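Data first, discussion second: the structure below is written as structure tokens.
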Amino acid sequence: HLLAYVSGIGGSMADNIVRYRTELGGFKDRGQLLKVPRLGAKAFEQCAGFLRIKDGSNPLDASAVHPEAYPVVEKMAAALNVGVKELIGNETLVSKIDPKQYVTEQFGELTLRDILNELKKPGLDPRNELEQFEFAQIYKIEDVHVGMVVPGMVTNLTRFGAFIDIGVKQDGLVHVSEIAHRYISDPGEALKLGQKVNVKVLEVDVVRKRIALSIKQTEEATSVKTQGSKGTRHNGPASPKKEQDLSAMSVNDALNALKKKFGK
């Protein structure tokens, strides 16, 4: 199933979703995903924004807007005296919304702008047509070595850094201090989701499944070839996680904080 490649799902969970959908006769809203066996709150948080429910009870379920943001969209619609359904796909109405008025601790301006872009053109794939991404020929964390410079794709932005898919199961972390040579307080100042970047491997912890990366050091190491890389391979799009403010921490401290948060 293609479902198996969605963040937070995997092969067995995809089977559970398909089985439950068959029993149910089709999903009517995203909330019903929480009734799928073994699909808990964390998995739902990771996958809900990528799963569409067409002709469901909530028009937002057919968009890339995450259920967590539904209340924000409802406030936007109410401020314009229209329903959510009228707002979706109406560029004129959406253009009247000032995202700064809806900034909260949970939703920053960048996230809100992404929501507004989705409301303007729901379902639009932000990737360029026929765009293809090539990972280095590495398949597991044991293939990753300190000093490698490899291509990657930004899968998530947090206040303390960016998660990068480099083609192995575990996404690597670029601490905010390793993104650019200039000072930035928010990774979103220099990166965006889905952006292709080159990264240098700073640290690999095989036991704890952690990879520390740097983007800015690739500028100093452009002549360093990927160790053990014999070519490239194709892979599909990567997907989005949500973290606390750890911007002042070092790479190791940030990784340790993640370990405590997720219990891994």
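Any read-out appearing in this document is the output of simple, stated calculations on the displayed coordinates, not a laboratory observation. All values reported here derive from a predicted model rather than from experimental measurement. Neighbour counts are summed over all protein chains in view; Cβ atoms, including those assigned to glycine, are modelled from backbone coordinates with ideal geometry.
I'd like the GluC sites (Glu not before Pro) in segment 36-119 restricted to DSSP loop residues with at most 15 other Cβ atoms within 10 Å, sorted by number. Mind showing how you got there, number by number?
Numbers: sites: Glu45, Glu68, Glu74, Glu86, Glu91, Glu105, Glu109, Glu118; in loops: Glu105.
Here the sparse-neighbourhood loop sites are Glu105.
Expressed in nm to one decimal, what extension gain is obtained for the pair Lys54 and Thr104 from 0.36 nm per residue of sequence separation less their Cα-Cα distance?
Numbers: separation 50, 0.36 × 50 = 18.00 nm, distance 2.95 nm.
Length gained between Lys54 and Thr104: 15.1 nm.
Note that segment 6-23 has calculated 3J(HN,Hα) couplings of 7, 3, x, 9, x, x, 5, 5, 4, 4, 5, 5, 5, 5, 5, 4, 5, 5 Hz, one per residue in order, obtained from phi through the Karplus relation 6.51 cos²θ - 1.76 cosθ + 1.60 (θ = phi - 60°); glycine and proline are x.
Put simply, the amide H of Ile53, placed in the peptide plane, has neighbours under 5 Å in Ala62, Ser63, leaving out anything fewer than 5 places away on its chain. Based on C-alpha pairs under 8 angstrom that are at least 6 apart in sequence, segment 41-192 has a relative contact order of 13 percent.
Relative contact order (percent) for segment 1-129, with alpha-carbon contacts under 8 angstrom and 6 or more residues of separation? Display every interim value, and only then the final one.
On the way: 134 pairs, mean separation 22.5, N = 129.
Result for segment 1-129 is 17 percent.
The order of Ile88, Ile184, Ile164, Ile141, going from fewest to most other C-beta atoms within 10 Å of their C-beta, is Ile184, Ile141, Ile88, Ile164.
Find how much the distance from Ala4 to Leu24 grows on full extension, using 0.36 nm per residue of separation minus their present alpha carbon separation; answer in nm with one decimal. Please list the in-between numbers first.
Working: separation 20, 0.36 × 20 = 7.20 nm, distance 1.99 nm.
Full extension of this stretch gives 5.2 nm more.
Which pairs in the list Lys140/Lys216; Lys54/Lys169; Lys140/Lys200; Lys42/Lys120 are over 22 Å apart, alpha-carbon to alpha-carbon? Could the numbers behind the result be given before it?
Numbers: Lys140/Lys216 24 Å; Lys54/Lys169 31 Å; Lys140/Lys200 16 Å; Lys42/Lys120 28 Å.
From the list (Lys140/Lys216; Lys54/Lys169; Lys140/Lys200; Lys42/Lys120), the Cα-Cα distance tops 22 Å for Lys140/Lys216; Lys54/Lys169; Lys42/Lys120.
Is the C-alpha gyration tensor of segment 1-158 telling us rounded, prolate or oblate? Criteria: a/c under 1.5 is rounded; beyond that, a/b larger than b/c is prolate, otherwise oblate. Since a/c reaches 1.5 but b/c is at least a/b, the shape of segment 1-158 is classed as oblate.
Ranked by Cβ crowding within 10 angstrom, fewest neighbours first, how are Phe160, Phe50 ordered? The partial results should precede the final answer.
Values: Phe160 25, Phe50 17.
Listed from fewest to most nearby Cβ atoms, that is Phe50, Phe160.
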